[in-house]
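> A single structure is presented below for examination.
The values are calculated or read from the model by the stated rules, or taken from the named source; none is laboratory data. Values in this document were obtained by computation on a predicted structure and should not be read as measured data. Counting neighbours? That spans all protein chains shown, and the Cβs are built from the backbone with ideal geometry, glycine included. Areas reflect the complete protein model, heavy atoms only, side chains present, ligands, DNA and RNA absent. Shrake-Rupley method; radii C 1.70, N 1.55, O 1.52, S 1.80 Å.
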Amino acid sequence: MPDPEIELLISQEGLFSDKALNELAQWYAAGESDVETFEAHLLMLRAHGALLGSAQRGRRTSLSMERFGLLRVLHRAPEGRMLLNDVSRALNVSATSISKLIASMSAQELVERIDDPEDKRRAWAQITDAGRQLLEESLPRVRQSTRSRWQGLSPDEKRMLVHLLTKLVLHEYTRRAQTQLRRLESGTAATESVRSNSRRG
């Protein structure tokens, strides 16, 4: 997909924005005063897509991002191994996808799957020496590639971005937890209602 053309708007404070996305944000806002909400959301999606696409195009390693991610979390884990469910959570990937990835990488002897002898429902993923070596060979290129993509921001700007993104993530986690709590409370209320009706009957 070709990179989008950007026509910059510059505010009186010297802040940049993309004219096309600003106009789209105004359309979403439908006359309300929260244009910034939609503009920030649209730009976050574009930035994510741009960084992800650039990383995939610029990779100079035999490892895909998924394989690199798995080796990374295992390499940093105590004794180089983690429960499959913990790997799934760490990479924010479904358990089914993790199982397939581990099976594929086991065939290349980069990781191995180990069944828990005490609990048949649990299994571990463990990095092998070959997997550790491949990760360590890839790390310098990944580090350099990442640094080059972020040269457009100063250290202060990066710190502020980290702060703002952390606030955004915390809000999303809080919102999700509140939604789950309301569902649980609603389910409890429904259960109590059923019990009450059954007693009357």
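> Tell me whether segment 178-194 contains one or more residues that are in contact with a strand residue (DSSP E or B) (Cβ under 8 Å, 6 or more places away or on another chain), at pLDDT 90 or above and of a type outside the set (Ser, Thr, Tyr).
For segment 178-194, residues in contact with a strand residue (DSSP E or B) (Cβ under 8 Å, 6 or more places away or on another chain), at pLDDT 90 or above and of a type outside the set (Ser, Thr, Tyr): absent.
> Do we have residue 100 as under 22 Å from the mean Cα position of the chain (by Cα) and not polar (S, T, N, Q) here?
Yes; evaluated as a whole, the condition is true for this residue.
> Does segment 101-158 hold any residues that are within 19 Å of residue 70 (Cβ to Cβ) and open to solvent by 90 Å² or more (accessible area, probe 1.4 Å), and which are they?
Hits for segment 101-158 are 108, 109, 113, 115, 122, 129, 133, 136, 137, 141, 143.
> Just checking, which of 143, 132 is over 30 Å from residue 21 (Cβ atoms), assigned to a helix (DSSP H, G or I), among the basic types (Lys, Arg) and out of contact with any Leu (no Cβ under 9 Å at 6 or more places or on another chain)?
Step by step, each of 143, 132 is checked, and only 143 is over 30 Å from residue 21 (Cβ atoms), assigned to a helix (DSSP H, G or I), among the basic types (Lys, Arg) and out of contact with any Leu (no Cβ under 9 Å at 6 or more places or on another chain).
> Next question. Need at least 2 residues that are within 25 Å of residue 148 (Cα to Cα) per element, so show me which helices (runs of 4 or more DSSP H) inside segment 8-120 make the cut, counting only ones lying wholly within it.
35-57, 65-76
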